[in-house]
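Right, one structure below, let's go through it.
Any read-out appearing in this document is the output of simple, stated calculations on the displayed coordinates, not a laboratory observation. Keep in mind that this is a model prediction, so the values were computed, not measured. Cβ sites come from the backbone with ideal geometry, for glycine too, and all protein chains shown count toward neighbours.
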Ligand code: NAP
C-alpha cells in the first residue's frame with residue numbers, strides 16, 4: 001500500500017509558517033494583499049475564488065474580490081487590471097480563469113504587471129521559469145515540488161514522466177523537475193505507447209483532465225504518483241486523473257483527490273502573495 005502524500009497537512013503547515021511571516025512583515029509596515037478578479041458566474045471559479053479569499057483571511061493577507069458581470073467588456077476588464085497594477089496597496093493580482101468566451105485571455109494576462117502576477121502566467125514569469133531565475137512559480141507545479149520536498153522525495157536522476165503539456169501545469173512542471181536534475185519526459189494526447197512510457201516513471205505526474213484515466217497497468221511498482229486532475233464524475237464525486245484504487249496498490253507514494261495537489265496549489269498562491277509584497281517593499 002502506498003504512502004499517502006497528505007497535501008492538506010503540508011499546506012496547513014506552510015500556511016501557519018506564512019501567517020507568522022505576515023505578522024512579522026506587518027510590524028515592519030509591509031502589508032501583503034491580494035486582488036482577485038472574477039468575471040461571470042462559472043460555478044467552479046466561484047468555489048476557487050471563495051477558497052482563495054478564505055486562505056487569505058487564514059494567513060492574515062488582506063484581500064479584495066472584484067466580481068464582475070459576465071457581460072463585462074475586454075476594455076473594462078483591462079481598465080481594472082491597469083488600475084490594480086498601479087495601486088500600491090495591492091501586492092498580488094490575479095484574474096480567475098477561464099474567462100467568458102468573448103475575452104482575449106492572453107491580452108488580459110499580458111496586461112498584468114509581472115511583479116504582481118502571483119499566478120505566474122505572464123510571459124515574463126513563464127520565461128524566467130525556463131532559465132531557473134524565479135520570482136513567482138506557477139502555483140500548481142510549485143505545490144507539487146513542495147509536497148515532494150515535504151516527504152523528502154529527491155528526484156535527482158530519476159525518470160519523471162509528466163502527462164499533459166498545458167502552459168499552467170504540464171510544461172512548467174516538467175521544467176521544475178528538470179531544474180532538480182530529473183530525467184523528464186512530457187507526454188500528451190499524441191504520445192505513442194503512453195502506457196509503456198508511463199510505466200517507466202519513478203515519478204509520474206498526471207495533469208490531463210480525464211477522470212481516472214491512468215490505470216494500474218500504467219504504474220511502475222513503487223512509483224511516486226502525483227495526481228493533478230480534478231474532475232467531477234456524473235455521480236457528483238470529485239476524482240483525479242488517476243484511478244486511485246488501482247494505483248495505490250502499486251505506487252510507493254500517491255496523492256489523494258481531494259487533499260493532495262489542489263490544497264498545495266492554494267498554499268503556493270499565499271506564498272507568492274507574500275513574496276510579491278516583500279519584493280514590492282524592496283523596490284521602494
Ligand atoms: P489542459 O489545458 O486541458 O491540458 C490537458 C493536457 O492533457 C493536454 O496537454 C493534452 O494533450 C493532455 N491530454 C489530454 N488527453 C490526453 C490523453 N488521452 N493522453 C495523454 N495526454 C492527454 O488541462 P490543465 O489545465 O493542465 O489541467 C489538467 C487537469 O488538472 C484538469 O483536471 C484540471 O482541473 C486540473 N488542475 C488542477 C489544479 C490543482 O490545483 N489541483 C490546477 C490546475 C489544473 P494535448 O496538448 O495533446 O491536447
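Normalised Debye scattering of region 48-120 at q = 0.18 Å⁻¹ gives log10 I(q)/I(0) of -0.75, counting only Cα atoms as equal scatterers and leaving out solvent. Taking the C-alpha atoms only, the angle from helix 74-85 to the longest principal axis of the chain is near 80 degrees. Subtracting the Cα-Cα distance of residue 149 and residue 166 from their residue separation scaled by 0.36 nm leaves 3.8 nm.
DSSP finds beta bridges in the chain, and of those with both partners inside it, around 5 percent are antiparallel.
Applying 1/(1 + (r/R0)^6) with r as the Cβ-Cβ distance of residue 238 and residue 284 and R0 = 45 angstrom yields a FRET efficiency of 0.60. For the pair residue 130 and residue 249, a Förster radius of 35 Å applied to the C-beta separation gives a FRET efficiency near 0.40, rounded to the nearest 0.05. Give me the log10 of I(q) over I(0) for the chain at q = 0.11, 0.15 Å⁻¹, as the Debye formula computes it from C-alpha points; what are the numbers? For the chain at q = 0.11, 0.15 Å⁻¹, log10 I(q)/I(0) is -0.64, -1.16. Here the sum of -39500 (n - 2.57) over DSSP H runs of 4 or more residues, divided by the residues of the chain, equals -13500 deg cm²/dmol at 222 nm, to the nearest 500.
The length gained by stretching the chain between residue 101 and residue 20 to full extension, at 0.36 nm per residue less their Cα-Cα distance, is 25.1 nm. Give the calculated FRET efficiency between residue 217 and residue 89 to the nearest 0.05, with a Förster radius of 51 Å applied to their Cβ-Cβ distance. For residue 217 and residue 89, the calculated efficiency is 0.45. This ranking places 217, 202 by how few other beta-carbon atoms lie within 10 Å of each, fewest first, which gives 217, 202. Taking 0.36 nm per residue of sequence separation and removing the Cα-Cα distance, the residue 178/residue 78 pair yields an extension gain of 32.5 nm. If I model region 12-68 as equal point scatterers sitting on the Cα atoms and use the Debye formula, what is log10 I(q)/I(0) at q = 0.13, 0.24, 0.25, 0.28 Å⁻¹? Per q value, in the given order, log10 I(q)/I(0) is -0.38, -0.91, -0.95, -1.07. Over every Cα atom in region 1-40, the radius of gyration and the widest Cα-Cα span, Dmax, amount to 15.7, 49 Å.
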